[in-house]
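Engineer: Right, I'll just put the structure down here and ask away after.
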Amino acid sequence: MKKLGLVSIGQATDRDFVPIIREIVGNDVELVVRGALDGLTDVQLAEAAAGEAEHPVVTELADGRSVRVSKPKLVPLINSVLSGMAADGVRLACLMCTGSFEGLEIPEGLALLEGRRVIDHAVLAVCPPGARLGVLVPLKEQEALSGGKYRAMGYEVVCGHANPYGSREELSACAETFRGCAAVVLHCMGYLREHRDIVARAGNVPVLEANAVMGHLACELLF
């Protein structure tokens, strides 16, 4: 059976993106789902938390708690997951996060789809530079970096923030700001199909759902 590795920056669960990827790739693919924070104690989780001056990533734990994690501290944990997947015969894996990570070590024989690279190129494919692009991120402090990245790519950027693990009312209110955009990118793998639908309806705009884009590309590369 074909194997597809799904690397979460949180703890592995059957929630979030797993049902979406399963729907896309079908039942003839074994999904190997592992999280960078799997097995960590509360003390270790506190040590992995993002500092006040850092650009954090947001993820969910197995018990449903939402946490803000340091990207540099995630890198060795992600590398450990990749090493384990390669040892278990996984040849294709997806890093299910749109953030950038310096220092990733990809084992020989393992191909890795990095969420940031995939989503950025998907945006370029569907929305020409110069267009008005909506960028939805989980936290207000993420708007400057994520919005700045797309401005540097040539877009007129409209940023908004709504925690994917928060209320749907917050998301609906935020989505109104995207009216008039050529497209909106959900810049976090925590946003699901229901989030995409809320943004599309409230903003009357086409929406790129990051985890679905990853799933469709991975499906093409499985062999």
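Engineer: Considering segment 15-50 alone, what residues qualify as being touching a helix residue (DSSP H, G or I) at 6+ places or on another chain (Cβ under 9 Å), of a type in the set (Asp, Glu) and more than 20 Å from SER80 (Cβ to Cβ)?
Structural biologist: Answer for segment 15-50, where residues must be touching a helix residue (DSSP H, G or I) at 6+ places or on another chain (Cβ under 9 Å), of a type in the set (Asp, Glu) and more than 20 Å from SER80 (Cβ to Cβ): ASP16, GLU23.
Engineer: Follow-up. Just one of the numbered conditions (1) in contact with a Leu (Cβ under 6 Å, 6 or more places away or on another chain); (2) surrounded by fewer than 18 Cβ atoms within 10 Å (Cβ to Cβ); (3) without any contact (Cβ under 8 Å) to a residue 40 or more places away in the chain is not true of HIS55; which one?
Structural biologist: Just one mismatch for HIS55, condition (3).
Engineer: Which count do you get for residues in segment 112-122 that are touching a helix residue (DSSP H, G or I) at 6+ places or on another chain (Cβ under 7 Å) and either assigned to a helix (DSSP H, G or I) or under 23 Å from GLU176 (Cβ atoms) (or both)?
Structural biologist: 4
Yes/no per residue for (1) touching a Lys or Arg at 6+ places or on another chain (Cβ under 9 Å); (2) over 24 Å from PHE223 (Cβ atoms):
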residue: ALA48; (1), (2): yes, yes
residue: VAL69; (1), (2): no, yes
residue: ALA86; (1), (2): no, no
residue: LEU92; (1), (2): yes, no
residue: CYS97; (1), (2): yes, yes
residue: LEU112; (1), (2): no, no
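Engineer: Kindly indicate the residue of segment 58-86 that is of a type in the set (Ser, Thr, Tyr) and crowded, with 16+ Cβ neighbours inside 10 Å and also farthest from PRO19 (Cα to Cα) among those meeting that condition. Break it down stepwise before answering.
Structural biologist: Of all residues in segment 58-86, those of a type in the set (Ser, Thr, Tyr) come to 59, 66, 70, 80, 83.
Within this subset, residues satisfying the condition of being crowded, with 16+ Cβ neighbours inside 10 Å are 59, 70.
Numbers: THR59: 17, SER70: 27 Å.
Filtering segment 58-86 for residues that are of a type in the set (Ser, Thr, Tyr) and crowded, with 16+ Cβ neighbours inside 10 Å, the one farthest from PRO19 (Cα to Cα) comes out as SER70.
Engineer: Another question, then. Say whether the condition of being outside any loop (DSSP other than H, G, I, E, B), in contact with a Lys or Arg (Cβ under 8 Å, 6 or more places away or on another chain) and modelled with pLDDT of 95 or more is met by at least one residue in segment 133-151. Before the answer, list the steps.
Structural biologist: Of all residues in segment 133-151, those outside any loop (DSSP other than H, G, I, E, B) come to 133-137, 140-151.
Okay, now just the ones that are also in contact with a Lys or Arg (Cβ under 8 Å, 6 or more places away or on another chain), so none.
No, segment 133-151 contains no residue that is outside any loop (DSSP other than H, G, I, E, B), in contact with a Lys or Arg (Cβ under 8 Å, 6 or more places away or on another chain) and modelled with pLDDT of 95 or more.
Engineer: For segment 172-189, name all the residues that are outside any loop (DSSP other than H, G, I, E, B) and in contact with a strand residue (DSSP E or B) (Cβ under 8 Å, 6 or more places away or on another chain).
Structural biologist: Within segment 172-189, CYS174, ALA175, THR177, PHE178, ALA183, VAL184, VAL185, LEU186 meet the criteria.
The values are calculated or read from the model by the stated rules, or taken from the named source; none is laboratory data. Everything numeric here is computed off the predicted structure, so don't read it as measured data. When we count neighbours, we look across all protein chains shown, and the Cβ atoms used for this are built from the backbone with ideal geometry, even at glycine.
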